[in-house]
Amino acid sequence: MRPFLFLLTAMIATSQTPIFIPPVTYSTNGSSVTGPSTYFNVAADFNGDGRPDLVAPDNRVFNNSNGFTVVFSTPTGYSAPTFFGTGAYTANVAAADFNNDGRADIVASGTATTVLLSNGNGTFSAPLPVAMPFNFAYTAGANVTAADLNKDGFQDILVPGVTGLAVALGNGNGTFRPATLFPTSLQSAWVTTGDVNNDGNLDALVTISSTSPANVFLGNGDGTFQPYLLTTPLAFGAQLVDLNNDGKLDIIHQTAQPRQDGSNFAISIALGLGDGNFQGYSNYVFAVQFRDIIVADFNNDGRPEVASFLNTTGKLTVFNNNNGVLGPVLFEAPVANGPFSLLATDVDANGSKDLVISSYSEFNVFRNPRGNPPLIAQLTLNPPSIIGGAAATTATISLGNAATTPVTVSLNSSDPVAFFPGGNTVTIPAGVATMSFNIATSAVAAPTSANISATLAGVAQTARFDVVPGFVLNGFTVNPGSQYGGLAATATVTLNSPAASATTVTLTSGNPAIVAVPAFVNVPAGATSASFPITLAPVAANTAVNLSASLDGITQVATITVLRAADSLTITKALYTAKVFQIKIEANGTNPAATVTAYNANTGALLGTLSGNNGKYTGTFTANMGAAPRVTLKSSLGGTTTAAAEVK
């Protein structure tokens, strides 16, 4: 089948429940930059607390040599890094129970292969050597894998090397038979196991190089393999997983696929045929560099998703998997300090896969809210701001999924101004994924913020809650306080404190024929005032008009005096040249100190200000005056007149 190329675009699929909650960050350097800096790639429970510990071998640890580093799980997170020596450079490690005591042990591989048995208390036995074939040589950076190849219930070890694949069968007590070498087409670099031909026996998929065909070793079920088959090339870190739910294992790995725009980073998928062979690759090409991919069912839909870190965007990204076809993006979150390594593990042992992403100096744990017990995925407040002492607000807890048994959530407020009338806990019944509760408040003299938190299974979600003083209408002004009729003024309503939400103030005029106001004005949430224009009609005598603004039973009054005009205007010429949209105006005024402004009487649009000299005014303006042009002149002293224009 021909390979396909896809340019993977960052489409975001909306989901009511996020795949991960905000991460917790742990330092691997401690207080000094000279401390161990780790990239974790193995997870297993070594200290017997039921939660996975994290391991990084030499080639993923700086400032350590000849061993591996572990951060142990604790009731509140993870410990500081602890180093364990193996006596030889350690390229990679794997975890499995090699002595059948119910505890995970470590196999370390590099310039030597050794097993360290767990004591169950955060310590390990001295390294036990595993005998490799005399002609076996370690391949730089190669991994080590544990699996029960001969179905005896004991874990065996597979190590790729320069001369082939070494397999050491376990005795079930932490010791191993001398390893057998299975030749590969070229030096082997990476091995992963799975039943690729569906015969019930574990097989081995061995990387040779990113450009050479991989070797497929079909297992005989007794710890031996048939001669290798050649299949499509694959790179370090290849994983065997059923991506399209057809019961056949597929290959997924990161690779390089050059494109004309210079980008060459891809996630490559080869679907399995179920007989040890695979289809050609579908390559999902990125225009940005990325590091590491990890495959796991993060959203509990029965299908694995694909997670990666995109270096250029600086974001942890999870792609949907639709039966072996990637996209769109289900989740993304920025992660600082250039993360390099991804690891999927159930950090809290609740049955849902979490993500650990490691950088040089720290690692971030993204916890998955799904599981049993679930975690709190979201905490929302409606409304998020309220007048102190007023009606209660509603908070809603959303779990990652419905719990199988009732769960009790602890509530906390960082300030006693916000409290919980129903008590400091809320119980969510079995089968329910969301639950609401009330938050009551006390009156405040100044705006106050409280952090509301809800905690379940040691994980808290927090939302900010603003409590504001009760606001009332305490001011109403008009500027200017007196104005000539025909001109305009501005009115402003004022509250004593910021509005908790958009607030409508009702307006009335004592004489709407002279002073026109809108029916209401809105004060935006968080604002203390709002302004609006008022329109004044010409009057024969100075007239005072009262304006009223009302809110919640409180009325404020402002007065404006509408002034009789102190001059008069006469239009002596108004000539409109339609072809060039030009109007020429000449007028006389009775007060030479006045400023005269011209308007299109049909639309109210401003034409401009006329030039004045000793009571004579002229002006030429460009405007589309329409078929029946009319001009209105307004004086700064109140005079006004309107006349039709002659059309030329």
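Here, each number is a calculation from the coordinates, and none is a lab measurement. Note that this is a predicted model, so its numbers are computed, not measured. For neighbour counting, all protein chains shown are included, and Cβ atoms are generated from backbone atoms with ideal geometry for every residue, glycine included.
General remarks:
- Given charges at Cβ of Lys, Arg, Asp, Glu: the chain dipole, positive-most of Phe136, Gly153, Ser341: Ser341
- The range 574-648 and the range 89-113 have Cα centres spaced 95 Å apart.
- Normalised convex hull volume, the range 419-490, alpha-carbon set, Å³ per residue: 179 Å³
- Take every pair of alpha-carbon atoms less than 8 Å apart whose residues are at least six positions apart; their mean separation over the length of the chain yields a relative contact order of 8 percent.
- The range 455-544 - Rg and Dmax from Cα coordinates, angstrom: 20.0, 78
- Mean Cβ count within 10 Å, highest first, over the residues of peptides 267-274, 326-333: 267-274, 326-333
- Farthest toward positive dipole pole in the chain [+1 Lys/Arg, -1 Asp/Glu at C-beta], among Gln226, Thr528, Ile267: Thr528
- For the range 330-353 versus the range 434-483, the gap between their alpha-carbon centres in whole angstrom: 35 Å
- Top positive-direction residue, dipole computed over the range 175-284 with Cβ charges, set Asn244, Thr211, Phe278: Thr211
- Local net charge near Phe68, Cβ-Cβ under 15 Å (Lys/Arg +1, Asp/Glu -1): -2
- For Leu637, the residues 5 or more places off, or on other chains, whose built amide H falls under 5 Å of its own are Thr595.
- About the centre of its Cα atoms, the chain shows a dipole size close to 3340 debye [charges on the beta carbon of Lys, Arg (+1) and Asp, Glu (-1) only; nearest 20 debye].
- For the chain, lysine pairs separated by 8 or more sequence positions, or belonging to different chains, with Cα-Cα distances below 13 Å total 5.
- Annotation: amide H of Asn119 within the under-5 Å range of Phe124, Ser125, sequence separation 5 or more or interchain, hydrogens built in the peptide plane.
- Relative pair counts by distance (%), Cα atoms of the range 42-199, 5 Å bins: 2, 10, 19, 22, 20, 15, 8, 4, 1, 0
- Considering only alpha-carbon pairs that sit under 8 angstrom and 6 or more positions apart, the relative contact order computed for the range 178-217 is 33 percent.
- The chain: antiparallel DSSP beta bridges as a percent of all, rounded to 5: 95 percent
- Equivalent ellipsoid semi-axes, the chain, via Cα gyration tensor eigenvalues times 5, rooted, Å: 78, 33, 20
- Scalar couplings 3J(HN,Hα) for the range 425-435, obtained by applying the Karplus form with A = 6.51, B = -1.76, C = 1.60 to θ = phi - 60°, are 9, 9, 9, 9, x, 4, x, 10, 9, 9, 8 Hz; x denotes Gly and Pro.
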